[in-house]
Amino acid sequence: MAQPQKFFENLSGVGKAIGVLTSGGDAQGMNAAVRAVVRMGIYVEAKVYFIHEGYQGMVDGGNNIIEVSWESVSSILQVGGTVIGSARCKAFRTREGRLKAACNLVKRGITNLCVIGGDGSLTGANLFREEWSGLLEELVKEGKIEASAAQQYSHLNIVGMVGSIDNDFCGTDMTIGTDSALHRIIEVVDAIMTTAQSHQRTFVLEVMGRHCGYLALVSALACGADWVFLPESPPEEGWEELMCVKLSENRARKKRLNIIIVSEGAIDCHNNSITSEKIKDLVVSQLGFDTRVTILGHVQRGGTPSAFDRILASRMGVECVLALLEATPETPACVVSLCGNQAVRLPLMECVQMTQEVQKAMDERRFADAVTLRGRSFENNLNTYKLLSHKKNISELPKDNTLCSSNFNVAVLNVGAPAAGMNAAVRSAVRVGITEGHKMFAVSDGFEGFAKGQVKEIKWGDVGGWTGQGGSLLGTKRTLPAKYFDQIAEQIRSNSINALLVIGGFEAFEGMLELAEARTTYEEFCIPMCVLPATISNNVPGTDLSLGADTALNAIMETCDRIKQSASGTKRRVFIIETMGGYCGYLANMGGLAAGADAAYIFEEQFDIRELQANVEHLTEKMKTTIQRGLVLRNENSNENYTTDFIYQLYSEEGKGVFDCRKNVLGHMQQGGAPSPFDRNFGTKISAKAIQWISRKLKECYRKGRVFANTEDSVCLLGMRRRALVFQPVMQLRDETDFKHRIPKEQWWLKLRPLMKILAKYKTSYDISDAGQLEHVNVRRPQHSDMGAI
């Protein structure tokens with residue numbers, strides 16, 4: 001039964017004061033979080049204060065704690081680091097320091113704290129909360145505050161957000177800043193790969209992560225690195241020889257470069273440090289390869305935040321204010337986390353305790369336990385990397401037996417428009433398929449190419465270097481299979497294809513439906529089939545996220561950043577930007593949230609001339625402030641009459657004398673160049689999962705020397721649903737689909753639509769029926785053993 005809608009109007013912030021601070025190391029996206037806290041706080045009529053320089057500013061007081069306005073956070077969304085400063089604070093670690101901090105907060109009536117930092121910063125905040133009443137008693141005794149003030153401000157509420165590029169905090173899938181750091185790493189890796197190929201070089205890249213290897217692991221997955229060194233998973237005894245053998249084998253296969261990624265905290269199974277210089281010396285002395293070391297350092301912390309981090313931080317900031325408004329004296333300090341694509345609240349100290357357990361396991365050299373405690377995402381990444389990085393010998397592959405075969409023929413094809421991440425998905429499918437013992441076939445140019453016989457076997461080495469390539473190297477077309485049934489059936493028969501993996505957009509979904517419905521006529525289609533959603537439009541039913549959409553969002557956001565900069569320079573200018581997406585407004589809406597747009601027009605939320613007029617009036621008022629620029633996004637099919645040209649002309653006419661107008665149609669640049677780290681990683685993982693599902697289905701459907709699958713659950717779409725990846729029969733997804741407009745009937749991201757309006761100062765309703773429930777950390781306790789290294 002659906003949960004009834006609940007709106008935040010009854011959660012008034014009148015009379016409340018919220019302090020926001022950033023503490024510990026900086027991370028891209030912190031400013032987006034600060035902006036969201038400030039604007040949401042002001043929106044609910046609370047007072048909001050900046051606490052500059054973290055806990056040091058709280059202890060020092062004075063001008064370090066200042067009330068802020070709506071305009072105070074203008075133009076900080078795209079800025080890296082933290083504009084309110086961050087500092088390590090020895091004084092706050094003492095009771096005397098915390099006493100001064102409490103006094104400074106009480107004098108300003110601040111009893112709600114939003115802390116953005118790592119586990120140390122959040123642990124300090126929790127201790128402060130626990131001591132609060134005692135600190136106030138002491139301040140009353142010393143005559144520094146009145147007894148009435150102590151009574152009025154008797155409880156301190158704490159809500160945390162984790163800002164850390166290392167992604168080393170348990171309880172959240174991603175911390176603010178991690179995705180942006182991966183962008184910096186991958187930008188460097190992509191640049192290095194071109195020069196390394198020119199000279200047949202080996203590059204050793206050292207990335208941050210003193211205690212957590214997440215950055216090293218995901219960047220290794222995203223660039224197809226030859227070897228990776230992590231603190232949680234030290235290499236086995238004799239790794240030096242194994243690594244050199246692998247590098248030699250790769251060179252023998254005509255691979256012109258080798259990439260080795262090492263986390264700064266990497267160790268061997270005896271707890272000895274593994275440094276980038278040590279690895280370089282080993283490769284040079286053992287193999288004589290031309291080897292270079294690149295230490296990325298603080299480059300990883302710098303630069304503008306990615307679209308993912310801006311949206312994540314904005315969502316977390318709004319959720320943080322809601323949690324503070326709902327808090328009672330009995331509510332424990334909580335941290336706002338990300339699980340799948342859901343914002344959740346977890347008890348802060350449960351998360352901190354879990355994070356500390358990981359370090360304890362590593363200190364005790366229980367490395368397998370440390371990987372498990374890191375969480376399912378980390379463990380899946382590690383397992384996927386191991387699957388894809390090393391080609392098994394023939395003797396290691398699964399063998400045929402009398403009951404069922406392990407050696408099947410699996411075909412892979414791309415369908416629809418090109419989307420970044422498709423090539424990473426194909427590479428993953430081919431390599432996992434070969435590891436599972438299958439023979440893999442590549443189909444060029446979608447279903448049309450399938451019908452024409454453009455089918456050939458594809459080997460392990462054929463997909464080397466595909467991960468970072470944009471577009472579709474296999475070639476893709478929008479053609480549906482119905483008019484080619486006879487020819488496709490013939491190709492399946494002649495090539496003995498036992499299973500099909502289709503990577504593509506709405507046409508891929510429709511094509512699978514057609515093949516499933518034609519099974520009664522064509523026995524050749526009675527094989528396991530799986531579709532992976534890959535489209536920048538994010539309009540495929542059965543999944544919250546499609547491959548390629550993240551890269552497209554980043555392309556839109558980067559363009560909007562440049563446009564906003566232009567508008568700031570000229571003053572009093574409004575830009576109308578047209579995005580792609582067909583009838584799906586995902587790119588316009590989420591791009592607007594990431595870029596700080598004033599409005600986004602989409603098909604799913606109908607608008608009329610009155611709303612257009614209201615938006616013009618809103619921008620007219622905005623031009624009277626210090627923020628003299630405007631940004632409006634329009635989805636290409638949002639309305640057939642209110643076109644981009646119409647809206648541009650309307651704004652130009654109505655804004656005469658107040659602001660001038662420009663328009664920009666982004667077009668195919670939104671398909672992006674190189675895929676984002678998210679799309680590389682997402683494509684790699686879902687494709688590996690899909691091939692493993694196909695392997696299981698093949699074994700289930702193998703009877704009397706042949707594969708025969710005709711059940712609904714043998715034609716599935718693999719999608720991200722809220723918190724999990726799930727396989728769903730395509731026939732069951734028909735009822736969830738608006739085929740006329742090629743979109744799902746229900747779309748999760750529409751719930752986030754009010755966020756953009758709130759952060760742009762529009763009055764609106766925000767459904768919080770998913771919020772307000774404090775959950776508990778899902779602890780995956782490892783099975784204890786005497787095993788050390790993995």
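When peptides 587-593, 126-132, 711-717 are ranked by their average number of other Cβ atoms within 10 Å per residue, the highest-first order is 587-593, 711-717, 126-132. Calculate what fraction, in whole %, of the accessible area of segment 69-209 sits on carbon and sulfur atoms when a 1.4 Å probe is rolled over the protein chains. The C+S portion of the solvent-accessible surface of segment 69-209 is 45 percent. Sequence gap at least 6, Cα distance under 8 Å: using those rules, report the relative contact order of segment 321-466 to the nearest whole percent. Reported as a whole number, the value is 15 percent. 3J(HN,Hα) along segment 440-446: 9, 10, 9, 10, 8, 6, x Hz, from the Karplus curve 6.51 cos²θ - 1.76 cosθ + 1.60 with θ = phi - 60°, whole Hz, x for Gly and Pro. Using a cutoff of 8 angstrom between alpha carbon atoms and counting only pairs six or more residues apart, the relative contact order for the chain works out to 14 percent. Here the Karplus relation 6.51 cos²θ - 1.76 cosθ + 1.60, evaluated at θ = phi - 60°, turns the backbone of segment 179-187 into coupling constants of 5, 5, 4, 5, 4, 4, 4, 5, 4 Hz, with x for every Gly and Pro. Applying a threshold of 31 Å to the alpha-carbon distances of Lys141/Lys360; Lys255/Lys360; Lys456/Lys685; Lys254/Lys685 flags Lys141/Lys360; Lys255/Lys360 as lying beyond it. If you average the C-alpha positions of segment 288-342 and of segment 88-120 separately, how far apart do those two centres end up, in angstrom? The two parts, judged by their Cα centres, are 22 Å apart.
Among 669-678, 73-82, sorting by the average number of other beta carbon atoms lying within 10 angstrom of each residue, highest first, gives 669-678, 73-82. With θ taken as phi - 60° and the Karplus curve 6.51 cos²θ - 1.76 cosθ + 1.60 applied, the whole-hertz 3J(HN,Hα) list for segment 467-481 is 4, x, 7, x, x, 10, 6, 6, x, 9, 9, 7, 4, 8, x Hz, x standing for glycine and proline.
Under 5 Å between amide hydrogens, built in the peptide plane, is the criterion, and for Glu578 it picks out Arg634, Asn664, Val665, Leu666 among residues at least 5 positions away or on other chains. If a spin label sat at a point 7 angstrom from the Cα of Val658 along the line to its beta carbon, the backbone N atoms of segment 67-89 nearer than 19 Å would be those of 71. Straight Cα distances below 18 angstrom link Lys622 to the lysines Lys564, Lys571, Lys656, Lys757, Lys761, Lys763, with same-chain residues fewer than 8 positions distant left out.
Straight-distance candidates among the lysines for linking to Lys144, with alpha-carbon spacing under 19 Å and chain neighbours fewer than 8 residues away dropped: Lys100, Lys107. Taken about its Cα centre, segment 151-215 carries a charge dipole of about 140 debye when Lys and Arg each add +1 at the Cβ and Asp and Glu each add -1 at the Cβ.
Packing order of peptides 42-54, 178-190, 142-154, highest average first: 178-190, 42-54, 142-154 (average count of other Cβ atoms within 10 Å over each peptide's residues).
With both labels modelled 7 Å from their Cα along Cα-to-Cβ, the Arg376 to Val299 distance reads 3.6 nm. For Phe229, the residues whose modelled amide H falls within less than 5 Å of its own, excluding neighbours fewer than 5 places apart on the same chain, are Ile261, Val262, Ser263. Helix 609-622 and the longest principal axis of the Cα set of the chain meet at an angle near 50°. Separation of segment 688-753 from segment 475-545 is 12 Å, based on Cα centroids.
Using a cutoff of 8 angstrom between alpha carbon atoms and counting only pairs six or more residues apart, the relative contact order for segment 282-351 works out to 18 percent. Compared with the direct C-alpha span, the chain from Arg562 to Thr626 gains 21.1 nm at full extension, assuming 0.36 nm per residue. Heavy-atom accessible area per residue, segment 447-512, 1.4 Å probe: how many Å²? With all protein chains present, segment 447-512 gives 38 Å² per residue.
Under 5 Å from the amide H of Cys661 lie the amide H atoms of Val574, each residue being 5 or more positions distant or on a separate chain, with H modelled from the backbone and absent for Pro and chain starts. If I compute solvent accessible area with a 1.4 Å probe over the protein chains, what percent of it on segment 311-385 is carbon and sulfur? Roughly 47 percent, rounded to a whole number.
Available extension along the chain between Arg706 and Thr194 is 179.7 nm, counting 0.36 nm per residue and deducting the alpha carbon span.
In degrees between 0 and 90, to the nearest 10, how far off the longest principal axis of the chain does helix 506-517 point, with axes built from Cα atoms? Between the helix axis and the principal axis of the chain, the angle is about 50 degrees. The distance linking segment 550-618 with segment 631-654 is 10 Å (Cα centroid to Cα centroid, whole angstrom). If R0 is taken as 56 Å, the Cβ-Cβ distance between Ala91 and Thr520 corresponds to a FRET efficiency of 0.15. Mean residue ellipticity, 222 nm, helices only, the chain: the sum of -39500 (n - 2.57) across DSSP H runs of n ≥ 4, divided by residue count and rounded to 500, is -12500 deg cm²/dmol.
The values are calculated or read from the model by the stated rules, or taken from the named source; none is laboratory data. As the structure is a prediction and not an experimental result, all values here were calculated from the model. With ideal geometry, Cβ positions are generated from the backbone for all residues, glycine too; neighbour counts draw on all protein chains shown. When the accessible area is computed, the model is the full protein with side chains, heavy atoms only, and any ligands, DNA or RNA have been set aside. Shrake-Rupley method; radii C 1.70, N 1.55, O 1.52, S 1.80 Å.
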